[in-house]
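See structure below.
The values are calculated or read from the model by the stated rules, or taken from the named source; none is laboratory data. Quick caveat: nothing in here was measured; it's all calculated off a predicted structure. With ideal geometry, Cβ positions are generated from the backbone for all residues, glycine too; neighbour counts draw on all protein chains shown.
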Amino acid sequence: MTVTTTAPFRSAFGTGSHWADIARSCLDRIGTGGPDDLGFVYVTDHLAPDLPAIIDQLRLRSGIENWVGTIGIGLLGRNGAGDVTEFFDAPAISLMVAPLSPDSYRLLDPNPGGGSSRMRALADWMAARQPAAAIVHGNPENAHLPAIMRQLSHDAGLFLLGGLTASRRGYLQVAGEVGTAAISGVLLAGDVRLVTGLSQGCSPIGPVHVATRVENDIVMELDGRPALEVFCDEIGEVLSRDLQKVAGFIFAALPVTGSDTGDYLVRNITGIDRNSRALAIGAEIAEGQQILFTRRDRASATADFKRMLRRLKERVDRPIKGGLYVSCVARGPHLFGPDAEETRMIAEHLGDFPLTGFFANGEISHDRIYAYTGVLTLFL
């Protein structure tokens, strides 16, 4: 059974010089709602200190009590048919209202307590409603984040969707309250129908290798050969002559065990040692770890993004009520150009529907934190 509502989803975005004026312009577009509606709110880090005041204003003027969101260096959104945009490095707010039934969701608030205590408080509702997914926002500075994500995914059986706060002015999140927990968000009951897709920002340039010798997380050998030798063979002679040019273009990737879609986690190459012919990768690496190398450029990212959108379209069997898109802060204008191309591709492939989202410091899908990816979640 799918939740039915009389009011539609609606979204709004705005920019300006003062948070109150921006919030007011967004609220004028979305109108008022019911106290049990769920609101998504994202602000750029220019407005980070004002986030508590923004939430107060949203509650007061919209009548919507429950808001979920965080801070991004960039935002995206839609005001109406064809009117999609992305804001980077400017004061901005993006909102979406989801008129869900009051028993179809529960907030995972961003207080400093651990995930276990917060989940115990939701135990009765979870037993009755059997939530299948959660839209979450994480603090990239909190060392407990991976463990809490595993608890939510494996122990509670939740499919996690969302991203990590991206900010130069603190890592605030919103889930009813404003706080800085490792993770917060909203749990959605099984009758809230979602479909989701993940697009990689990189494409493989060679086969999968095996780390056959590792010292202190430094990859000394791949497939029994010096790691740098294997790396240079794959990137070619031109790049091998000047390895400084690989920064921001060539990455390592760790294949996800058991994935039937060739999924992988992209990680930075953090060091190259010509003397020892070794590679340092921004991840914990053990002997036996599978590693491949990937290229990041606009053409490969665009092709993969369009493939993801086509696959999503095949799974959509009813009108899309609303969408949430979380993209890497290194994508957007840095990869696709300044004209909101990434967000426009969503509209071109899937049509016009309310949309919000932000550019994150890491993207969350299932139980993993990705990099250089885009995660699109659709409400049906």
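Please go through segment 31-49 and give me each residue that is modelled with pLDDT of 95 or more and over 23 Å from the mean Cα position of the chain (by Cα), ordered by number.
Pass one, segment 31-49, residues modelled with pLDDT of 95 or more: 37-49.
Answer for segment 31-49, where residues must be modelled with pLDDT of 95 or more and over 23 Å from the mean Cα position of the chain (by Cα): there is none.
Of (1) over 20 Å from K321 (Cα atoms); (2) touching a helix residue (DSSP H, G or I) at 6+ places or on another chain (Cβ under 9 Å); (3) among the hydrophobic types (A, V, I, L, M, F, W, C), L187 satisfies all except one. Which?
Of (1) over 20 Å from K321 (Cα atoms); (2) touching a helix residue (DSSP H, G or I) at 6+ places or on another chain (Cβ under 9 Å); (3) among the hydrophobic types (A, V, I, L, M, F, W, C), only one is false for L187: (1).
Looking at segment 336-354, is at least one residue of a type in the set (G, A, S), in the same structural domain as L161 (by TED's automatic domain parsing) and buried (at least 21 other Cβ atoms within 10 Å of the Cβ)?
To start, the set of residues in segment 336-354 that are of a type in the set (G, A, S) comprises 337, 340, 347, 351.
Within this subset, residues satisfying the condition of being in the same structural domain as L161 (by TED's automatic domain parsing) are 337, 340, 347, 351.
With the extra rule that they be buried (at least 21 other Cβ atoms within 10 Å of the Cβ), the set shrinks to none.
Within segment 336-354, none of the residues are of a type in the set (G, A, S), in the same structural domain as L161 (by TED's automatic domain parsing) and buried (at least 21 other Cβ atoms within 10 Å of the Cβ).
Which residue out of R295, R267, R307 is of a type in the set (K, R) and surrounded by fewer than 18 Cβ atoms within 10 Å (Cβ to Cβ)? Give the derivation first.
Details: R295 fails: surrounded by fewer than 18 Cβ atoms within 10 Å (Cβ to Cβ); R267 fails: surrounded by fewer than 18 Cβ atoms within 10 Å (Cβ to Cβ).
On inspection, the qualifying residue turns out to be R307.
Could you tell me whether S184 is within 30 Å of R310 (Cβ to Cβ), in contact with a Lys or Arg (Cβ under 9 Å, 6 or more places away or on another chain) and among the hydroxyl-bearing types (S, T, Y)? Talk me through it step by step, then tell me what you get.
Values: within 30 Å of R310 (Cβ to Cβ): no; in contact with a Lys or Arg (Cβ under 9 Å, 6 or more places away or on another chain): yes; among the hydroxyl-bearing types (S, T, Y): yes.
Against the criterion (within 30 Å of R310 (Cβ to Cβ), in contact with a Lys or Arg (Cβ under 9 Å, 6 or more places away or on another chain) and among the hydroxyl-bearing types (S, T, Y)), S184 does not qualify.
Can you list residue pairs whose Cβ atoms sit under 7 Å apart, with the first residue in segment 324-343 being of a type in the set (K, R) and the second being in a loop (DSSP other than H, G, I, E, B)? Count only pairs 6 or more apart in sequence or on different chains.
Correct list of pairs: R331/G201; R331/Y372.
Filtering segment 165-181 down to residues that are small (G, A, S) and buried (at least 24 other Cβ atoms within 10 Å of the Cβ), which residue is modelled with the lowest pLDDT?
So the first thing to find is which residues in segment 165-181 are small (G, A, S), and the list is 166-167, 170, 175-176, 179, 181.
Imposing the further condition that a residue be buried (at least 24 other Cβ atoms within 10 Å of the Cβ) reduces the set to 175, 181.
On the way: A175: 97, A181: 90.
Checked segment 165-181; the qualifying residue modelled with the lowest pLDDT is A181.
Inside segment 233-255, can you point out the residues that are in contact with a strand residue (DSSP E or B) (Cβ under 9 Å, 6 or more places away or on another chain) and buried (at least 16 other Cβ atoms within 10 Å of the Cβ)?
Listed by number, the residues that qualify are E234, I235, L239, L243, V246, I250, F251, A252, A253, L254, P255.
Given the condition small (G, A, S), at pLDDT 95 or above, within 19 Å of G357 (Cα to Cα) and buried (at least 17 other Cβ atoms within 10 Å of the Cβ), answer yes or no: does some residue in segment 183-191 qualify?
yes
Filter segment 28-61 down to the residues that are closer than 24 Å to S104 by Cα and part of a helix (DSSP H, G or I) and list them by number.
First pass over segment 28-61, keeping only residues closer than 24 Å to S104 by Cα: 30-42, 55-56, 58-61.
Listed by number, the residues that qualify are I30, I55, D56, L58, R59, L60, R61.
Against the conditions (1) more than 14 Å from Y370 (Cβ to Cβ); (2) within 24 Å of the chain's Cα centre (by Cα); (3) of a type in the set (A, V, I, L, M), where does A286 fall short? Just the number, please.
Status for A286: all satisfied but (2).
Cβ-Cβ below 8 Å, separation at least six or inter-chain, first residue in segment 267-291 and in the same structural domain as R241 (by TED's automatic domain parsing), second polar (S, T, N, Q) and in a loop (DSSP other than H, G, I, E, B): which pairs?
Between residues of segment 267-291 that are in the same structural domain as R241 (by TED's automatic domain parsing) and residues that are polar (S, T, N, Q) and in a loop (DSSP other than H, G, I, E, B), the close pairs are I281/N268; G282/N268.
Counting only residues that are within 26 Å of E363 (Cβ to Cβ) and either of a type outside the set (D, E, K, R) or surrounded by 22 or more Cβ atoms within 10 Å (Cβ to Cβ) (or both), how many does segment 197-227 have? Walk me through it before giving the result.
If we filter segment 197-227 for residues that are within 26 Å of E363 (Cβ to Cβ), which is where we start, we get 197-209, 211, 217, 219.
From what is left, the residues that are either of a type outside the set (D, E, K, R) or surrounded by 22 or more Cβ atoms within 10 Å (Cβ to Cβ) (or both) are 197-209, 211, 219.
Of the residues in segment 197-227, 15 are within 26 Å of E363 (Cβ to Cβ) and either of a type outside the set (D, E, K, R) or surrounded by 22 or more Cβ atoms within 10 Å (Cβ to Cβ) (or both).
Just one of T32, T70, T15 is touching a Gly at 6+ places or on another chain (Cβ under 9 Å), more than 23 Å from V136 (Cβ to Cβ) and of a type in the set (S, T, N, Q); which is it?
On the way: T70 fails: more than 23 Å from V136 (Cβ to Cβ); T15 fails: touching a Gly at 6+ places or on another chain (Cβ under 9 Å).
Selected residue: T32, the only one of T32, T70, T15 that is touching a Gly at 6+ places or on another chain (Cβ under 9 Å), more than 23 Å from V136 (Cβ to Cβ) and of a type in the set (S, T, N, Q).
Taking I64 as the residue in question, decide whether it is in contact with a strand residue (DSSP E or B) (Cβ under 8 Å, 6 or more places away or on another chain), modelled with pLDDT of 95 or more and closer than 21 Å to S17 by Cα.
On the way: in contact with a strand residue (DSSP E or B) (Cβ under 8 Å, 6 or more places away or on another chain): yes; modelled with pLDDT of 95 or more: yes; closer than 21 Å to S17 by Cα: no.
Answer is no for this residue.
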